[in-house]
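What follows draws every value from the coordinates through simple rules; no lab data is involved. Nothing here was measured: the structure is a model prediction, and the numbers come from that model. Quick reminder, even Gly has a Cβ in these numbers, built from the backbone with ideal geometry, and neighbours come from all protein chains shown.
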Amino acid sequence: MRFNEFSVGQVIEAGPYAVSEEEIVRFATQYDPQWFHTDAVAAAKGRFEGLIASGWHTCGIAMRPVADAALAGSESFASPGLAYVKWPHPVRPGDVLSVRATVVETRRSKGNAGLGILRWRWQLFNQRGTEVLDLEATSLFDLSKASG
């Protein structure tokens, strides 16, 4: 989507994405090697009564459908960060996740007319409709590269 196609209140839905135990363990082994992400036997005895995905893995899972549905072919070039990120419920092996991105704000930079700024809320839900991720991201768009 191009920057001028985003509007406040717009909702973009994407997915589904199925999460496997192998993927959870592989990601965690490399990036977040805590026992409740990597050891199914130990995790079964833990607070969550089973293996759960790293929150950082959950963010990465959300990124792919957002990139495919909204950022592919756009003028987006960077993000200065997140206002917040929350993991209200864990992601488990076998979960099927879908994302809902809601546009909060679109504006042109006051100091750089060639810069578009998009603030949007991303929510990731599992197959039961339980929210597993809630974040607010800012995306930057290079409008000097916009055509038409």
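For residue 48, are the conditions met, namely being touching a residue at least 40 places away in the same chain (Cβ under 8 Å), assigned to a strand (DSSP E or B) and either more than 21 Å from residue 13 (Cα to Cα) or out of contact with any Gly (no Cβ under 6 Å at 6 or more places or on another chain) (or both)?
On the way: touching a residue at least 40 places away in the same chain (Cβ under 8 Å): yes; assigned to a strand (DSSP E or B): no; either more than 21 Å from residue 13 (Cα to Cα) or out of contact with any Gly (no Cβ under 6 Å at 6 or more places or on another chain) (or both): yes.
Judged against the criteria, residue 48 is not a match.
Quick check on segment 36-50. Is at least one of its residues over 13 Å from the mean Cα position of the chain (by Cα) and at positive phi?
So in segment 36-50, the residues over 13 Å from the mean Cα position of the chain (by Cα) come out as 36-50.
Within this subset, residues satisfying the condition of being at positive phi are 49-50.
Yes - at least one qualifying residue is present in segment 36-50.
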Among the residues of segment 51-63, are any farther than 27 Å from residue 84 by Cβ and surrounded by fewer than 16 Cβ atoms within 10 Å (Cβ to Cβ)?
no
Across segment 121-136, the tally of residues that are outside any strand (DSSP E or B) and either touching a Gly at 6+ places or on another chain (Cβ under 7 Å) or surrounded by fewer than 17 Cβ atoms within 10 Å (Cβ to Cβ) (or both) stands at 4
Any pair with Cβ under 9 angstrom, 6 or more apart, that starts in segment 98-119 at a residue that is under 18 Å from residue 7 (Cα atoms) and free of Cβ contacts under 8 Å to residues at least 12 places away in the same chain and ends at one that is in a strand (DSSP E or B) and of a type outside the set (Lys, Arg):
107/116; 107/117; 107/118; 109/115; 109/116; 109/117; 109/140
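If you check residue 60 against the conditions, is it of a type in the set (Gly, Ala, Ser) and part of a loop (DSSP other than H, G, I, E, B)?
Judged against the criteria, residue 60 is not a match.
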Can you pull out every residue in segment 64-120 that is of a type in the set (D, E, K, R), closer than 19 Å to residue 17 by Cα and surrounded by 13 or more Cβ atoms within 10 Å (Cβ to Cβ)?
64, 92, 95, 100
